[in-house]
Every structure is written in C-alpha cells, then in structure tokens.
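The numbers here are math on the coordinates, done by the rules we state, and not lab data. Being a predicted model, the structure only gives us computed values, none of them experimental. A quick note on method: Cβ atoms are made from the backbone with ideal geometry, for glycine too, and the neighbour counts reach across all protein chains shown.
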Amino acid sequence: MDNIVIIGAGECGVRAAFALREEGFSGRITLVGEEPHLPYERPPLSKNCPVAVKLIAEESRYQDAGIELLLGRHVERIDRGDRSVHISGGERRPYDKLLIATGARARCFAGMEAALTLRNLDDARLILDALRPGLRLAIIGGGFIGLELAATARKLGVEVTVIEAADHLMARIVPGEIAAVVLKRHQAEGVKIIVGAGVTTVREKAVRLFDDRVVETDLVVAGVGAEPETRLAATAGLAIANGIMVNERFATSDPDIFAAGDCCCFPFGGERVRLESWRAAQDQGEHAARAMLGKAASYARVPWFWSDQYDLTLQVTGLPRQGLPHIRRNLSDDAFVLFQLDQSGRIVSASGIGQGNAVAKEIKLAEMMIEREFRPPAGELGDPAVNLKAILKASS
Amino acid sequence: MPQWVDACAVGDIDEEDLIRFDHEGRTFAIYRSPDDEFFATDGVCTHEHAFLSDGLVMDYIIECPKHNGRFDYRTGEAKGAPVCVNLKTYPVKVEDGRVFIDVA
C-alpha cells in the first residue's frame, strides 16, 4: 500500500495522519484541508475572546512525520473507479485507502439565514471581533456553543439574550438538573434566557419568535446544531443516513474508503450514533488509521464531552438516555455527578458539573466503569463516603 | 546545586494519588505510586492550563482533568494526543516522614 489520502484537516483527520505514522505506515500521506489555516483546535473558539488559536500540531511536526498538508484546497470529487481524488487546482491524487473526515457544518434553519454561525476560526474572528460592552447580542440556541459564547460575551459586558426552542437548555445531551445549574448561573451573570420559544425570522436588528415577541439586537448568532458534511460521500455513492454509514472499523460501504469523526454514523452499544465531539474525533481518527492498515478491532471508546462556561465546567461520559433515573452523588456544595444505570444495573452515563475541574476524577472513573460494563453495588454511587476508585479496583 | 524543598508529609498523599504543591510562584504535582514510591512533576498540563492535581491517577499514569492528556508521572512522558510535550520531572527524596523535591 503506497498512498493514503485524508479529506479534512480537523481534529480527526490530523490525528489519523499522525496515527498512520505511529503505526508504521511508510507510504505517502496526503491531508487535504479546506481552510487556509494550519489545523487548529475548535473547542477554544467559543470560550475565549480575543480568539485563541491553538494549533493541533506545529508545522514542523507535519514535516517531520512526512505528512503532506494541502491547505486552502478542497476535494472536488472522489473517483472510486480509478481510486483517486480530484483536488481543487486541477490536481489528482491516487489512493489505496481514503479517509473522509469532513466533520460537520453549522446548521441553519429556514428564516435564520441572516444569523451568523460559529464553526471555524474565521467565523469566530468575525463574531468575537464585533463584541464590545453594551452591544446587544442575540444567540439562537441554548446548546454548548451558544452558552459558551454567551459566557464569553457577557464577561466583556455584552448584553446577551439566549433564545432556546426546547423547554430547558442543552436538552439534547445534558440532564435537567445540570441544565438548571447552568441556567441559574447565566441569569446571575445577567444573561437573559428565553426557553420554549422558537424563532420564526431573523432580520438584521431583530429576532422574531413564534409567539410574535421580538428581540431587538445588534448581532445575531445561531448555534442550533450541526449537520454532517456528507456531500462528497453522497456524490460518490456511499451509503448515508445521519452521516456517512460506517461499520465498527469505520469502513464505509466501499471497503477502501473510511469515514470518521463528526461526519460518520457508527454502531455503538447496539444502535447507530453520530457524535460531535472533540475527543471522539481523535479516537475515531486513530481507530480508522489502524483499520486502514488492517489492524483495528471493534471500536468501543466511551463518548466524552465537556463545556466551560464562566468558572463552571460540565462533563458528560457515556450517552445519557431519556427516561432513565439519575443517582446523584454530591462532591461538594456546588459540585455533583449524576449516574444513570440501565435495567440490568450497568452504568450507561455520568454527567457532572462544578467549579473548575471538580468533577473530572469521578467522570473519569465513570467512563472506566462504562467501558468495563461495571455494575456497581446498589447504593454506593450515591454515597460520597464510598471511594469509587476503590470499588472499581476491587471489581477488576 | 540541588535545592531541596520540604513539600509535604508522606501521609498527606494517598497511595496511587497526587497532591498539588505550590512553591515560589511555581506549581508542582507530587505523586505516591501504588508501590509506595514518590515522584514529582510540573503541576500544570503541557496542553492547556489545568492543574493535574484535579486529575485521576491510575497505576503510573496521571490523566489531565481537562482534556484527558495522559502522562507517565515517573518519567513525565506524554502518552499521546492531545498531549505531545512531556512533563518536566523533579528529583524526590523522603526523610523522616517528609517528602522533599529538588526544585532547582
């Protein structure tokens, strides 16, 4: 095998490229990135003002590893017949294995076209450079991106209104008890939060809600989720369903083409999931790299997410399920973790919130418990006097 | 010239755990391994600013509480993405039930 091409130079594609070398691949690696910037980490974009650019790797590391970076270029077409990609600028590169790591793009609903979105570095610069004390900022969507941006803007004295269509913030992944802590904190900081209110139209200076209320504003940002970037894969005839369909080795319906990260939909715990997660992007990139070299087993890494807002950090591991009860473990007056067990008593998720990294250890332990399909003795998770590390160790 | 600083008592650190130690504006992490040896590293992750003392120790690995960067605390070796820069380590000695680190 001589040629591997990776489409997408985000967290997933970059990780895959380096993992190929770590696994001993000595052929040519081409990494194609649409943005002109050296690959950077996305999570800081909503958390800091001015924009903090954090490179995934210094330029010299790509050179040292012999990874050919094509930046500011995009793949126009995948030719599965002769196993090559056509790259903007008229270049064609053959591949023996191809990895699609095209990520996701910011979603925009009808009526919201006038709103800005925050997905990449240029978006972040455009939005954050405009912030100043007294500016009225309306954020549509009370998810991680919207709320992190709200916290960042509020610290600068911006007048922030967050508009969320669901009945509570971060409803997709975060338990209500934790969302309530976040809501209270934003309100205490002076952010105006409107929940249960869909948006009908966005104009330059006004956001109109379903109930005909109008939020007057100077700047509108929509953070209403992301859609998998599947266009290239679809044109190439690969199977798509909420992302590019892959198997447990991240191979698509074409055995020479793999997909990983936010753009793919993979089997996990008996269902198909698509994650938008910094760490999953890395893990899957690494896994797909090994799979392309014929080395990977089934993927079983446990999902993990975090969000920083003010001095609060929330962390989630596993996939919280609607309808399963929570066991609450208080770590201090203002830090707690909620565990979910399935009917068989196996831990399936843990979500925590606290100042700084107060919940990090417990979440990590929960992640290991999920990975090991651990069934904790009844009553122990909720008892802060019980040392979770000790019971995990005792079980192994 | 070594510059030994009295950091803590042996009993201040649980087995297979760590504590944070601040000295003259610097932050260190001091570890007690499962086989009861002591080690010291810089106290802040090399990836982003986060105190390692909030992280979990399993065997000889400290995992950063922020973004899961992992290091072998005996050598400071970064164990892979997202961390690529090793942690600096410091000599440690135990005398009369006290843990000293050489901060020079």
*Quick one: Cα centre-to-centre distance for the stretch A:1-27 and the stretch A:258-319, in angstrom?*
17 Å
*May I ask for the Rg/Rh ratio of chain A, computed from Cα atoms with Rh as the Kirkwood radius, given to two decimals?*
0.98
*Averaged over peptide A:278-287, how many Cβ atoms belonging to another chain are found within 10 Å of each residue's Cβ?*
2
*Can you list, bin by bin at 5 Å, the percent of alpha carbon pairs in the stretch A:169-221, starting at 0?*
4, 17, 21, 20, 20, 14, 3, 0
*Give A:K361/A:K393; A:K389/B:K93; A:K295/B:K79; A:K54/B:K79; A:K47/A:K192; A:K389/B:K66 a once-over and call out the pairs whose C-alpha atoms are over 23 Å from each other.*
A:K389/B:K93
*May I ask for the equivalent-ellipsoid semi-axes of the stretch A:311-395, computed as the square root of five times each C-alpha gyration tensor eigenvalue and listed largest first in whole Å?*
19, 15, 12
*Among A:S26, A:S60, A:S46, whose Cα sits farthest toward the positive end of the charge dipole of the stretch A:11-100 (+1 at Cβ of Lys/Arg, -1 at Cβ of Asp/Glu, about the Cα centre)?*
A:S46
_Can you tell me the length gained on complete extension of the stretch A:S395 to A:D256, counting 0.36 nm per residue apart and subtracting the Cα distance?_
46.0 nm
*Given the protein assembly as shown, what percent of its DSSP beta bridges are antiparallel, to the nearest 5?*
70 percent
*Hey, in the protein assembly as shown, which Cys have no second cysteine's beta-carbon closer than 4.7 Å?*
A:C12, A:C49, A:C108, A:C263, A:C264, A:C265, B:C8, B:C84
*For the stretch B:25-80, which trypsin sites (Lys or Arg not before Pro) are both in a DSSP coil and crowded by at most 13 other Cβ atoms within 10 Å?*
B:K79
_Give me A:W304, B:W4 sorted ascending by neighbouring Cβ count inside 10 Å, so fewest comes first._
B:W4, A:W304
_Loop GluC sites (Glu not before Pro), the stretch B:23-104, which have at most 15 other Cβ atoms in a 10 Å radius of their Cβ (DSSP)_ = B:E24, B:E37
*Sum -39500 (n - 2.57) across every DSSP H segment of at least 4 residues in chain A, then divide by the residue count to get the 222 nm mean residue ellipticity, nearest 500.*
-7000 deg cm²/dmol
*asked:* Counting other beta carbons within 10 Å of each residue's own, what order do A:C264, A:C49 fall into, fewest first?
replied: A:C49, A:C264
*Could you give the nm distance between label points at A:R375 and A:L116, where each point is 7 Å from its Cα heading toward the beta carbon?*
5.3 nm
*Can you give the longest stretch of chain A with no exposed loop site, where a site means GluC sites (Glu not before Pro) in a DSSP loop (not H, G, I, E or B) with at most 12 other C-beta atoms within 10 Å?*
A:205-372
*Of A:P39, A:P133, A:P303, which has the largest mean-square fluctuation in a 10 Å C-alpha GNM of chain A?*
A:P133
*Calculate, in nm to one decimal, what A:S26 and A:E248 gain on full extension: separation in residues at 0.36 nm each, minus their alpha carbon distance.*
77.4 nm
*Charges only on Cβ, +1 for Lys and Arg, -1 for Asp and Glu: so what's the dipole of the stretch A:1-133 about the Cα centre, in debye to the nearest 20?*
340 debye
*For the stretch A:275-317, what is the convex hull volume of the alpha-carbon atoms per residue, in Å³?*
61 Å³
_Within 10 Å of each candidate Cβ there may be at most 12 other Cβ atoms; applying that plus a DSSP loop requirement, which trypsin sites (Lys or Arg not before Pro) in the stretch A:134-209 survive?_
A:R172
_Efficiency of FRET from Cβ geometry, A:M1 and B:N86, R₀ 30 Å, rounded to 0.05_ = 0.40
*Positive-pole candidate from A:A165, A:A130, A:T217, dipole of the stretch A:116-222, charges at beta carbon*: A:A130
*Cβ-based exposure ranking for A:F258, A:F305, A:F18, in which fewest neighbours within 10 Å come first*: A:F305, A:F18, A:F258
*Using the alpha-carbon centroid of each, what span in Å lies between the stretch A:183-198 and the stretch A:338-395?*
30 Å
_Given R₀ = 25 Å, what would the calculated FRET efficiency be for A:A239 paired with A:R92, taking r from the Cβ atoms and rounding to 0.05?_
0.50
